[in-house]
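These notes concern the structure reproduced below.
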Amino acid sequence: MTEEKQPALKLNLDVDEREMLKISRRSFLWAGVAGASAIGGIWWLGARELNRGIPWPLRRMLGLNEKIAEGYFRGYRLAPEFPEALATERINGDVGLDGDVDEKGYVVRVMGLHDMSHAVQEDASSEPAVSVPISAIRALPAVTMVTELKCIEGWSVVVKWKGARLRDFAAMCGPQTRSLSAPDIDRKPEDLLPYVALETPDGSYYVGIDIMSALHPQTLLCYEMNGRPLTNEHGAPLRLVIPVKYGVKNLKRIGSIRFTDRRPRDYWEERGYDWYAGL
């Protein structure tokens, strides 16, 4: 009986081998088509007109991501806080941090205020600004929080921060409004100019944020980190901490703050990332 079944078994093996060969050829063909399509897609994408540093289809996709993140944002939704024992630090990024600073005499230039009667124009090319000493920022109600700083590169670190709410700073300074009437941050935040621009003193690093994220209760003008004054590597004497955004928005060493009705330029947006950078 074994001898009678051998031819049938051989025939079945031959059929299976032919089917496997067909499948292999078909797979190879589809792999070739997929590879050619990928190469063609990359070529097509690379040939598109650039929009702020990247091909316009990618910029359009980033714009869609921004709309989704902005639509998800709620001013009352807080970023998670962590036990203080988890707090640590990581040095990353040094653009705009050249040289030491005199903390005692440090001032932040503020522009776009409702009352600019005390503003000073340093030269013909500069915008009139009010100089706010860091002592005035330290005099605002202090907030301490332990939150996660998330880098757009994929890593994160838990940090204990101390500083003044940007919301309280804005209330102290009085930003310009759309209606040109006196600002009411608590009851009429929608009347404020829609954007805030921040830069380092030398202007080499700059970020733009939407006004609602700026007014978030966890957005701080920070002067202490993990129970100690900020070091130069971490943006001494004053930096932005905004847990509802990726780390690229957490500008170190604030030199100027401007309230504006035009979407500000942003250092990393000009290098291919999305402007909103919301979590």
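Only the coordinates and a few stated rules stand behind these numbers; no lab work does. Quantities reported herein were computed from a predicted structural model and do not represent experimental measurements. Positions of Cβ are generated from backbone atoms using ideal geometry, with glycine treated the same way; all protein chains shown enter the neighbour counts.
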message = Which order do the peptides 165-173, 75-83, 229-237, 177-185 come out in when sorted by mean C-beta neighbours inside 10 angstrom, highest first?
response = 165-173, 229-237, 177-185, 75-83
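First measure r as the distance between the Cβ atoms of Ala124 and Met172, then evaluate 1/(1 + (r/R0)^6) with R0 = 22 Å and state the FRET efficiency to the nearest 0.05.
It comes to 0.15.
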request  = Arrange the peptides 198-210, 132-144 so that the one whose residues have, on average, the most other Cβ atoms within 10 Å appears first.
outcome  = 198-210, 132-144
19 Å Cα-Cα threshold exceeded, pairs from Lys162/Lys188; Lys188/Lys245; Lys150/Lys252; Lys104/Lys150; Lys67/Lys245; Lys150/Lys249 = Lys162/Lys188; Lys188/Lys245; Lys104/Lys150
message = Counting C-alpha atoms alone, how compact is segment 125-258: give Rg to one decimal and Dmax as a whole number, in angstrom.
response = 14.6, 44
request  = Name all residues of segment 161-194 having a backbone nitrogen under 17 Å from the label point set 7 Å from the Cα of Asp261 along its Cα→Cβ direction, giving them as ranges.
outcome  = 175-184, 189-194
ask   = Which stretch or stretches of segment 247-277 have amide N atoms under 17 Å from the point lying 7 Å from Tyr72's Cα along the Cα→Cβ direction?
value = 247-249, 274-277
